[in-house]
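Structure first, commentary second.
The values are calculated or read from the model by the stated rules, or taken from the named source; none is laboratory data. If you're wondering where the values come from, they're calculated on a predicted model, not measured in any experiment. FYI the Cβ positions are ideal-geometry reconstructions off the backbone, even for glycines, and counts take in every protein chain you see. To get the accessible areas, we keep the full protein, side chains included, count just its heavy atoms, and leave off ligands, DNA and RNA. Shrake-Rupley method; radii C 1.70, N 1.55, O 1.52, S 1.80 Å.
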Amino acid sequence: MDFDPTDQAHLIGDQYRDATNLSARIRIYDFATNPYDWFRWLFDHYDLPADARMLEVGCGPATLWQRNLDRIPPGWDITLADLSPGMLDAARETLTSAAHAFTFRLMDAQSIPDPDNSFDAVIANHMLYHVPDRHRALREIRRVLRPGGRLYASTLGVDHLREMDELVQRFDPAFPRHVERVSFLLDTGRDQLAAHFTRVSLDRYPSALEVTSADPVLDYLASDLAHRLATGPQRERMRAYLEEYIARHGSFHISTDSGLLAAWDDRQYP
Ligand SMILES: C[S@@+](CC[C@H](N)C(=O)[O-])C[C@H]1O[C@@H](n2cnc3c(N)ncnc32)[C@H](O)[C@@H]1O
């Protein structure tokens with residue numbers, strides 16, 4: 001019932017076999033209090049030349065690019081990579097009618113096949129906490145970045161979905177908080193990046209969720225690595241609790257805590 005977030009066989013064979021689970025989770029962000037889209041916000045931070053070569057590792061269903069299709073500079077050369085063949089199929093499907101051309105590659109972020117100094121930017125959104133040997137992946141990312149090139153890595157903060165975890169714990173007090181098992185959070189991740197890059201910056205995305213019906217919460221819980229208990233008889237008990245709570249308070253408030261770490265190296269190169 002409780003999965004290790006770095007169990008790669010489970011990730012490819014079950015959790016990220018295709019985009020179903022991730023899409024169920026993304027739907028809850030329809031209730032976000034920040035009207036400015038998360039993926040638009042991320043894209044705003046990409047400070048890159050008009051002819052940038054970019055690699056996104058762990059691209060998932062390519063939502064980042066789908067939400068920014070109207071403003072991708074035509075000169076950007078973009079490679080989308082994922083460890084899961086099903087996710088890569090979903091990414092191809094998402095972008096079938098896109099005017100911009102993308103390259104799709106099956107790839108483990110721990111061994112990137114490209115030569116040194118290949119990219120102006122590597123993007124790693126909400127994926128570094130899945131990588132078993134993160135320092136190996138960071139060494140690889142650093143190696144394929146050109147001098148001055150940037151890693152843009154989004155991840156969760158410690159308060160992410162706190163009330164969702166508290167809801168689950170109401171029904172199973174032994175259940176661990178989701179973020180307790182995430183080994184690359186905004187704050188801990190910053191130090192991990194500093195072992196590979198001389199500069200690291202952190203920006204938090206301000207938002208929360210005000211959810212007005214029970215099903216999006218239950219669907220999220222049922223899809224999540226840690227919350228399989230939101231299925232079967234338990235689901236109906238949680239639904240009754242949530243419906244009563246929402247009737248009384250108008251919505252179920254859930255904290256969100258996500259942001260972007262950018263890392264680069266300003267050492268002099270020979
Ligand atoms: C939480 S999803 C994030 C997807 C997308 N980046 C987003 O933000 O919507 C994590 C993705 O990382 C991929 N992944 C996990 N381990 C990986 C690895 N070692 N190398 C490359 N991709 C990996 C998974 O298959 C999944 O598509």
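Taking the listed residues 198, 231, 155, the one that is open to solvent by 30 Å² or more (accessible area, probe 1.4 Å) and out of contact with any Lys or Arg (no Cβ under 7 Å at 6 or more places or on another chain) is 231, with no other qualifying. Taking the numbered list (1) modelled with pLDDT under 95; (2) closer than 24 Å to residue 263 by Cβ; (3) among the hydroxyl-bearing types (Ser, Thr, Tyr) in turn, residue 46 passes all entries but (1).
Say whether the condition of being in contact with a helix residue (DSSP H, G or I) (Cβ under 9 Å, 6 or more places away or on another chain), farther than 25 Å from residue 160 by Cβ, within 13 Å of the ligand (Cβ to nearest atom) and of a type outside the set (Asp, Glu) is met by at least one residue in region 41-60. Within region 41-60, one or more residues are in contact with a helix residue (DSSP H, G or I) (Cβ under 9 Å, 6 or more places away or on another chain), farther than 25 Å from residue 160 by Cβ, within 13 Å of the ligand (Cβ to nearest atom) and of a type outside the set (Asp, Glu).
Counting the residues of region 115-135 that are farther than 11 Å from residue 57 by Cα, open to solvent by 20 Å² or more (accessible area, probe 1.4 Å) and in contact with a strand residue (DSSP E or B) (Cβ under 8 Å, 6 or more places away or on another chain) gives 3.
Inside region 106-136, can you point out the residues that are in a strand (DSSP E or B), more than 10 Å from the ligand (Cβ to nearest atom) and charged (D, E, K, R)?
Just the residues of region 106-136 that are in a strand (DSSP E or B), to begin with: 106, 108, 111, 119-125.
Okay, now just the ones that are also more than 10 Å from the ligand (Cβ to nearest atom), so 119-122.
The answer is 120, and nothing else.
Matching residues to (1) farther than 17 Å from residue 130 by Cα; (2) modelled with pLDDT of 95 or more; (3) in contact with a strand residue (DSSP E or B) (Cβ under 6 Å, 6 or more places away or on another chain):
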| site | (1), (2), (3) |
| --- | --- |
| 177 | no, no, no |
| 180 | no, no, no |
| 194 | yes, yes, yes |
| 205 | yes, yes, yes |
| 208 | yes, yes, yes |
| 212 | yes, yes, no |
| 218 | yes, no, no |
| 223 | no, no, no |
| 229 | yes, no, no |
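In region 108-136, of all residues being touching a residue at least 60 places away in the same chain (Cβ under 8 Å) and among the small types (Gly, Ala, Ser), the one that is farthest from residue 190 (Cα to Cα) corresponds to 118. Within region 139-176, the only residue that satisfies the criterion of being within 12 Å of the ligand (Cβ to nearest atom), in a helix (DSSP H, G or I) and touching a residue at least 40 places away in the same chain (Cβ under 8 Å) is 141. All conditions in (1) open to solvent by 20 Å² or more (accessible area, probe 1.4 Å); (2) under 30 Å from residue 214 (Cα atoms); (3) more than 10 Å from the ligand (Cβ to nearest atom); (4) touching a residue at least 40 places away in the same chain (Cβ under 8 Å) hold for residue 37, with the sole exception of (4). When you check residue 179 against the structure, is it of a type in the set (A, V, I, L, M), over 30 Å from residue 74 (Cβ atoms) and free of Cβ contacts under 8 Å to residues at least 24 places away in the same chain, yes or no? When the stated conditions are applied, residue 179 passes them.
Applying the selection to region 191-220, what residues are hydrophobic (A, V, I, L, M, F, W, C) and farther than 17 Å from residue 251 by Cα? Before the answer, list the steps.
The initial filter retains those residues of region 191-220 that are hydrophobic (A, V, I, L, M, F, W, C), namely 193-195, 197, 200, 202, 208-209, 211, 214, 217-218.
Of everything in region 191-220, those that are hydrophobic (A, V, I, L, M, F, W, C) and farther than 17 Å from residue 251 by Cα turn out to be 193, 194, 195, 197, 200, 202.
A single entry from 109, 153, 90 fulfils the requirement of being over 26 Å from residue 198 (Cβ atoms) and either of a type outside the set (Lys, Arg) or modelled with pLDDT of 95 or more (or both): 90. For region 9-16, the criterion of being closer than 30 Å to residue 142 by Cβ, open to solvent by 40 Å² or more (accessible area, probe 1.4 Å) and acidic (Asp, Glu) is satisfied by no residue at all.
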